[in-house]
Every structure is written in structure tokens, then in C-alpha cells.
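What follows is one structure encoded as C-alpha cells, with my remarks underneath.
The values are calculated or read from the model by the stated rules, or taken from the named source; none is laboratory data. Nothing here was measured: the structure is a model prediction, and the numbers come from that model. Positions of Cβ are generated from backbone atoms using ideal geometry, with glycine treated the same way; all protein chains shown enter the neighbour counts.
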Amino acid sequence: MKLSPEERKERKRESNKRYLQNRTEEQKEKRKEYNKRYLQNKTEEQKEERKVKRNEYQREYYERNRGDRPRRILFPNLTEEERKEKKREDNKRYRQNMTKEQKEKLKEYDKRRYQNRTEEQKNKTITPTPKTNTLQK
């Protein structure tokens, strides 16, 4: 019985799945250590090449799976204004529940973000947008 390429692919996928599920913790650890050593021994050029390939693959994957689907609307039973209000409230609650470390981290992020803006970007946003990413004390 000769298998079609799809059937072979499916059998191989199932076999790999069973193999991965049946591995012991020791085997998993051994593989992790191997991968760690393998990545550490790569040259900078190899690391950069891998990074570029991964980015290309992610871009292709995104394009392939995105299609022309419209964005999913959260809370479709609400009007646009109600959605905006709900989002504002959620963001406010989120900022109030942040820990001190999270607030510090966000502050650092904002600081870097504002430093890296070009003159055009700085001039474009003279007035800040309504509290989307600012901290409240």
C-alpha cells in the first residue's frame, strides 16, 4: 500500500507527537541542555542569520494566516462610544492595580520611547493623548 504525501506527512506528525509525549523528564532535560550548548556555540553571524530567518518566517506566517479578515470587534453589542468608555475604564483599573515594579518598568519604557522619537514625531504630538499609557500616583 503506497501512501500519498499528505498521508505520510500525517503519519510522521502523529509519530512525532507520540514520541514527544512519551519522553521522560530526563530525556527532556538532556535535549534542553543540548539545545542550550548548541545555541551558545553559535557565532554572531549564525545567530543573526537565524534571527533574520525567524523574522521572515513570522512575517510570512502572519501574511498567510491573516487574510482579508476584518478585525474582531470586542463587545459587538456596544456602540463605538461605549466601547471607548469601557476601554478607558479598563485601562484606568489596570493602571491602578499595577505594582510598583510594573510602574517603574513602564516609566523606563516611556522614557526610552520619548527619547527615541524623531523631531517630526515630537512636533506631531505636542498635546498628549488622553491617558492611555501614563501613570497615576
* Among the residues of the stretch 47-62, is any within 30 Å of Lys86 (Cα to Cα), assigned to a helix (DSSP H, G or I) and without any contact (Cβ under 8 Å) to a residue 60 or more places away in the chain? -> yes
* To do: Would you mind finding the one in Lys122, Lys105, Lys131 that is surrounded by 10 or more Cβ atoms within 10 Å (Cβ to Cβ) and at pLDDT 90 or above?
  => Lys105
* In the stretch 54-76, what residues are over 17 Å from the mean Cα position of the chain (by Cα) and either more than 29 Å from Lys17 (Cβ to Cβ) or at pLDDT 90 or above (or both)? -> Asp68, Pro70, Arg71, Arg72, Ile73, Leu74, Phe75, Pro76
* Does any residue of the stretch 78-86 turn out to be surrounded by 10 or more Cβ atoms within 10 Å (Cβ to Cβ) and under 22 Å from the mean Cα position of the chain (by Cα)? -> no
